[in-house]
Structure formats: C-alpha cells, structure tokens
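Following: one structure in structure tokens, then a few remarks.
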Protein chains: 2
Amino acid sequence: MDVAEGRGGLEKRSGATGGMSANGKPDAPPEGPQGAPREGLRERKRRETLRRITDAGIRLFIEKGHDATTLDDIAAAAGISRRTFFYYFKSKDDILLSLQSGLGDMIVAALRETPPDTRPLDAIRAAIVKVCATIPADDMIVIDRLMRSSPTVQARKQASYVQHEQALFEALRERWPDPQRETRLRLLAMLAVGAMRLASDTLSREGGKRPIIDLLHEAFDALEAEI
Amino acid sequence: MDVAEGRGGLEKRSGATGGMSANGKPDAPPEGPQGAPREGLRERKRRETLRRITDAGIRLFIEKGHDATTLDDIAAAAGISRRTFFYYFKSKDDILLSLQSGLGDMIVAALRETPPDTRPLDAIRAAIVKVCATIPADDMIVIDRLMRSSPTVQARKQASYVQHEQALFEALRERWPDPQRETRLRLLAMLAVGAMRLASDTLSREGGKRPIIDLLHEAFDALEAEI
DNA sequence: TTGAAAATTACACTGAGTGCGATAATATTT
DNA sequence: AAATATTATCGCACTCAGTGTAATTTTCAA
C-alpha cells in the first residue's frame, strides 16, 4: 500500500498515447484512405485491450501499490494472459510511462502549428500550454503520484524530460535555423522543460488546487523575467 | 557485446564514492578521532571488496556487454558470493550509478568552500569545474559509454542530474537566502546542470579530444552570454 | 578472552521478462 | 465461399535480478 486513495477521473482515461511506440508491433494501424477509415474490428479490439490493461494497471497500482501488483494481477484483471501483456507493453513500468511519452511529440506538433511570426519563447509556451490543457488535472496528479512511488518509473519519467528537451530543441532549430542562435534555442528548450517540471511538481504538491495552465504561465513568467 | 574495447585507465578507478549510499549498511566508517584514524582491517577489506566488485563489473560490462553480464559473473570475478554482492550494492546498475551519484554532494561541498564575495554563477562554475577536474577523462568516457548501453542506467543517470539540480538549488538558497532571488537561483541551478550535461555529452561525442574543463567553460560561457 | 557488531555465505523463493511454438481470430485474396 | 496470410492470444519452460532468512565466520572493543 504505497499509493492509495485518489479521487476523480479514473475510469475515463484520456490522453493515452497507446503502448509499444518503441517496440514494433502495435501502434501502427492500417489507416484507411481518409474520411471514413472504417477502423476494423481488430483495431477496436486492440484499443479496448490496451485500455483494459492500462485501467487495470492503474487501479491495482492505486489499490495495492506498484511493487505489490504483479503482472499476473494485471493480466487477470484485464482478462488476458500474462504473455499477452507483453504483446502490448514492453514492461510493467511502461503502463505508466506510456501516458507520458507522447508528450514530447505532441508539443513538437503543437509548436509547428504556431503562427509564423511568433517569437521562439512565445511559441514554446503556447505549444506546451496547448498540450497540457488537454490532459485532465486529476489524471495528471494520480499518474504523477504513482510514478513517484517507483524509483525506476520516476527515473524514466525524468529521463523522458531530457528527451522532450532534445526534441524541442531540434524542432526549434528547424524553424529558426540561424546557427548564431543555436545556443539560445538550446537554452530556451532547457528553460521550457524546466518550466514544465516546475509546474508539474507544483501541481502535485498542491494537489490540484490551482489549474496546471496557471502554474505553467507562472513558471514561464518567472523564468522569463530572469533571462 | 554492446560496448567493447576501451583504452586507458581501468585498473585504477578513482572518483568512486562507494556503494550503498542510499541503502544503510556500508559507507559509514567508524571514523577514528582525527589525524591518524588507523583505518582498521575491516575498513580496508570493505573498500578492497568494493573496488574488486566495481572493477570486475566494469571489465565484464566492457567485455560482454551490460545485459549479457550476470550477477554470478560479477560475483565470481570479484571473488565473492552472489549474495554478498547485494551487501555492497542495491542492484547491478548501481555499480555504474555509484560512480555518478556522489557528484551532487561533491559540488555542493565545493560550492561552500568558495570565497564569500563570489557571484552565484561564478561560484557554481568554480565548484563544478573543481569537481570535474578530479575525474580522469578516460574513466568518464568509459563509464558514460557503458551507461548509454543500458536504458535503465541511462534513465537513472539523467534522473540523477535532476537530483543534482535540486541539491545545487538548495545550497544556493542557503547561501543567498533572499526570497526575491529564489527564482533566479533556480534558473541558475538549471543552467549549471544543463551546462554539465552539455559538456559531458560533448566529451563523449568527441571521444575526449578536448578536456572536460574546456568544454565546461565553453558551455558556461555560451549559456551565460544568453542570460 | 569474551561478547557485540559486521561480513560472508547457502538456500529457497518471488516475480519480471524472453524465446519458442501452437492455436485461434481477423483480414485479404482468389 | 474457400484458401491464404496476418495478427492476436496463449502456455510452457527458462534465465536472471533481487529478497528473506538464518547460519557461520571474521573483526572489533571492552
């Protein structure tokens, strides 16, 4: 019983990127032409199973703690075999990590959709705010708490911030390719990811008292004032 | 065979903090009064064993790769039982991580020994440079390469940077307690750790062509120019 | 010397993750 | 519709990391 109780949204997970992005099997649907892709039975089942695994995992992590939850528990609760679990996720930890790993790409995508004449830092801020706004605060807090309960997961989460920073930097450089400013862009990427970290930490520390958007703007304002 | 070959210093490891810093058993010697602490047989043996384990681990990681090296291999090569390994290290990965984890404390310590009238950023830079100067470049590169060969170790390494940042921030705040500047100190800690990361990455990428000190100053200069 | 503390070990156990191969479900082609 | 390919599911056996326990030996201190 490491992490227990937990209030709001839990049966209606939302911004889950899906599993196995780095593995090879799922996460690459047939993709019909366009308009009415039809989505196929297989697709639907796959996503349902993915969802069932994720929900079962999170529920059990909350109920019994991360370490005390075995893969057999999760598989049983999700109605699949232990072996099938590994068809969807590379590891137990990836249940939680998969909810975080898509962030980097989402931010980069949002950055690209930003008006052409925006200043770099404003563009980054807008992209991050836009992405974070789509994630329910309750989910964010629950996931964050669970991640803290396992050192390995926590470490991988922090490592993913480094990935985000790298991806962000590359996206920035692609858009503002002036070599003179490369260092500045690197600094901005650091700063932006730092602001995300600060906001996320504060959100968890406060238990969701203030909305993540406010915390993000606050962090950006504070750091921007010092630059 | 993930990571193979490896040139220079390997039998003469140096900046190893020792094991189990977070566990509970070793790493807390009886500590004689002062002057000639006498060091005791027990101490000496403990450190020798620690060294044997570390050297055996690193050698095997290089020879056969991180994953292909089992704890039995390491224990056998170090002349101890498998069970005794866990008396010295919490996990296989900690062999590598222990070489990194002491950095934070060393930097904080060096920061405290800095002249009283130094500017924060200069103090940080001096502290980091001082600590990094004590670590042989060859060791740094080998360790870094090994760490990259295991995703878990790599993640934990990056997580340790976050710890360093936090420790650094707290040390700074302790010395410049003005609440007005708290955000700036946080930014400086981010920046400093970022500079370390940049320098360390470049060192590995270049294979040690330029000394770490130069790279550090370069990174600090570049980032400082943008602030 | 004697008794406490620390170090070493064996043994047995849990649980994560993998390789292999079989079978069933879905999709695609003819 | 039947044949064929692809994908999903599963079981089994295996390796290996890591832990709990308890016994034994080595070092230290009184």
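Observations, loosely collected:
- Taking segment B:71-95 as the range and being open to solvent by 30 Å² or more (accessible area, probe 1.4 Å), among the β-branched types (Val, Ile, Thr) and under 12 Å from B:Ala56 (Cβ atoms) as the test, only B:Ile80 passes.
- Here the helices (runs of 4 or more DSSP H) wholly within segment A:3-105 that include at least 2 residues being modelled with pLDDT under 95 are A:41-64, A:94-101.
- Going through (1) under 16 Å from A:Arg184 (Cα atoms); (2) more than 10 Å from every other protein chain (Cβ to nearest Cβ) one by one, B:Asp221 falls short only on (2).
- Answer residue from segment B:172-211, given it is touching a residue at least 40 places away in the same chain (Cβ under 8 Å), part of a helix (DSSP H, G or I) and farther than 19 Å from B:Val108 by Cβ and is nearest to the other protein chains (Cβ to nearest Cβ) among those: B:Ser204
- Restricting attention to segment B:121-169, the residues being more than 14 Å from the chain's Cα centre (by Cα), within 14 Å of another protein chain (Cβ to nearest Cβ) and part of a helix (DSSP H, G or I) number 8.
- Restricting A:Phe85, A:Phe61 to residues that are under 30 Å from A:Ile128 (Cα atoms) and within 15 Å of DNA strand C (Cβ to nearest atom) narrows the list to A:Phe61.
- Candidates A:Ala127, A:Ala159 - the one that is out of contact with any Cys (no Cβ under 8 Å at 6 or more places or on another chain) and either under 19 Å from B:Gln163 (Cα atoms) or of a type in the set (D, E, K, R) (or both): A:Ala159
- So B:Asp73, is it more than 23 Å from A:Arg197 (Cβ to Cβ), within 16 Å of DNA strand D (Cβ to nearest atom) and either more than 12 Å from the chain's Cα centre (by Cα) or in contact (Cβ under 8 Å) with a residue 12 or more places away in the chain (or both): yes
The values are calculated or read from the model by the stated rules, or taken from the named source; none is laboratory data. Predicted model, so just to flag it, every value in this text is computed and none were measured. Quick reminder, even Gly has a Cβ in these numbers, built from the backbone with ideal geometry, and neighbours come from all protein chains shown. To get the accessible areas, we keep the full protein, side chains included, count just its heavy atoms, and leave off ligands, DNA and RNA. Shrake-Rupley method; radii C 1.70, N 1.55, O 1.52, S 1.80 Å.
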